[in-house]
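Have a look at the structure below before the remarks.
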Amino acid sequence: MKIDYNNRFKTLDSLLKNAINEQKREYTYTYPPKRAYNEINDPDEFVRQAWEGYEEGAVALYAHIPYCPPRQIPQPLLQKPNIKSDELQEIWGKESCGFCNLFGIPVYGNDWKEQISDYMNTLSDEILLYEEIFGQNHEIASIYFGGGTPSLGSPEDFTKVFESIRDIFGEIPEDIEISLEASPETIKSFDEMKDYRDIGFNRISFGIQSFNLDEITMIGRPAQRSYLKTSKDVVTWAKQAGFKNINIDLIMGLPLQTKENFNSSLAQAIDLDPDTITLYSIAMRGETGFGRCVSHNLIQPHSPQFIAELYDSARTLLEDEGYKQKTSTQWIKQETGGYKQQENMYNMIPELGVGAGARTAALNAHYSIDYAVSYEESKKIIDQWNQKIKNRDFPATHGFILDKDEKKRKRIILQLLSPNGLNSENYQKEFENHPNDDFPEEFAAIGINELIEEGEGFIYFNEKGIQYSSVATRLFWSERVEQAVSEYKTK
Ligand code: SF4
């Protein structure tokens, strides 16, 4: 079955064209997004139903650690005339990085290590709650510790979590990806790095974001040259410690960023020879420090064209240096780079999420605990999560049941985002129709804009399509999800 490119559907087509013209890039890694979830009345029943029918098979595990090093209000903002520091504090919000809207809180006081250890103990107990559901019939496909800043946890903390994983899923296969997200300054020496490697981590992802001091300062991170040196040291230590896959995250469009500075950051990242480089376009969302500063005219955002130019020059540089583009944000070294946890998601392997901010993507439903950005609300959610697990209850408070239509949409969105593309034969086997028959207008809109190709049973984005894959896959969001997202209020 060939895609009918002439089957024009004006609304979707113009929506996509506008997005392309405005160089909009959104990230739709997960569908449906948490903002579309509804409150759950009976978490125990909901969790059981979510996994019903998945009697055996692989499970990817995502563990969320919500703690971060406290960040500061950037000096250049404090030096602005006509605004007092307490007013600025109010606008900037909790002491997080200016661009970040992830669910997490800064750690304060002398006992933060104990706080994190307690949290990790509870997380281990949460995994054990799944004993009855998985009943020793499932194997672990990949493990990912995300945050927040998981590298604030000690190797001993992680060892306890690994024990719980073994209790439920049996031995952890040696060849699976076990990934740690890290903020550079949290790992202080080669020996500390080696400890993480020795307990089983084989992939490490550094949220470096920039190698330019002005940009780092504007994020709210330490305005010190030594911070930049540490950002390089940790990559070298990770190599020496034998990590198989090292990722560096950089951000395009940070305040005060120039093209020269961004290109210089990227060149410095390439010099460190990581296996994977991930480039994110900044999103000045209203719930972030940057977003609020933009609405108070304290920060001038870059134009979408500026970011598009950075993206284009980055792509050329990365390809010249031997990196291959894998997704709209990710470039890899052929042999070692990548992100297996994400690939597992694209391959429809269910993901069990544990920790206060984690989302579970099971067979029949997705669920999580409530989401918040402010310090007070986030803290409340973490306490609530803790209490539920102490009572041996599943902590889920919100969820989304996937009916047949939503399962189709989820599969199309995730697989179109994957490097291999949408396996239309498998889709047809499961859902009877060819994807183009189920969603003719959406495929037509993408086709008219020359973003996809089809061959050997797969529909996949071409080079131009990869660049706009997040916008293009948004066309497959259901009305129900769009509606819920538009009505969602961030706490
Ligand atoms: S970017 Fe990372 S370190 Fe900064 S606040 Fe967000 S999760 Fe924490």
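Tell me the label-point distance for the pair Y488, D118, using the 7 Å Cα-to-Cβ offset, in nm and rounded to one decimal.
Here the answer is 3.0 nm between the modelled labels.
Just order 250-258, 423-431 by mean Cβ neighbour count inside 10 Å, highest at the front, would you?
Sorting 250-258, 423-431 by mean packing, highest first, produces 250-258, 423-431.
Given Cα pairs under 8 Å that are at least 6 residues apart, what percent is the relative contact order of the stretch 160-288?
That works out to 25 percent.
If you keep only loop residues by DSSP, which chymotrypsin sites (Phe, Trp or Tyr not before Pro) in the stretch 299-385 have at most 15 other Cβ atoms within 10 Å of their Cβ?
When the chymotrypsin sites (Phe, Trp or Tyr not before Pro) of the stretch 299-385 are filtered for loop state and at most 15 Cβ neighbours within 10 Å, nothing remains.
Tell me the relative contact order for the chain as a rounded percent, counting alpha carbon contacts under 8 Å between residues six or more apart.
Taking the mean separation of contacting Cα pairs over the length of the chain, I get 25 percent.
Using DSSP to call loops (not H, G, I, E or B), can you name the trypsin sites (Lys or Arg not before Pro) in the stretch 27-63 whose Cβ has at most 15 other Cβ atoms within 10 angstrom?
Answer by residue number: there is no such site.
Regarding the chain, what's the average projected area of the Cα-atom convex hull, expressed in nm²?
Average of the hull's projected areas for the chain equals 22.2 nm².
What are the GluC sites (Glu not before Pro) within the stretch 36-127 that DSSP puts in a loop, where the Cβ has at most 11 other Cβ atoms within 10 Å?
E55, E56
Looking at the chain, which Cys residues are left with no other cysteine's beta carbon under 4.7 Å from theirs?
Isolated Cys, the chain: C68, C293.
Sort 214-221, 264-271 for me by packing, meaning the mean count of neighbouring Cβ atoms within 10 Å per residue, highest on top.
Ranked by mean Cβ neighbours within 10 Å, highest first: 214-221, 264-271.
Limiting things to C-alpha atoms, what are the Rg and the maximum Cα-Cα separation (Dmax) for the stretch 48-207, in angstroms?
In order Rg, Dmax, the Cα atoms of the stretch 48-207 give 19.0, 63 Å.
Post the alpha-carbon centroid distance, the stretch 309-372 to the stretch 424-447, in whole angstrom.
Using only Cα atoms to place each centre, the spacing works out to 23 Å.
Quick note: the coordinates plus some simple rules give every number you see, no bench work behind them. Just so it is clear, the structure is predicted and the values come from calculations on it, not from any experiment. Cβ coordinates were reconstructed from backbone atoms using ideal geometry, including for glycine residues, and neighbour counts include every protein chain displayed.
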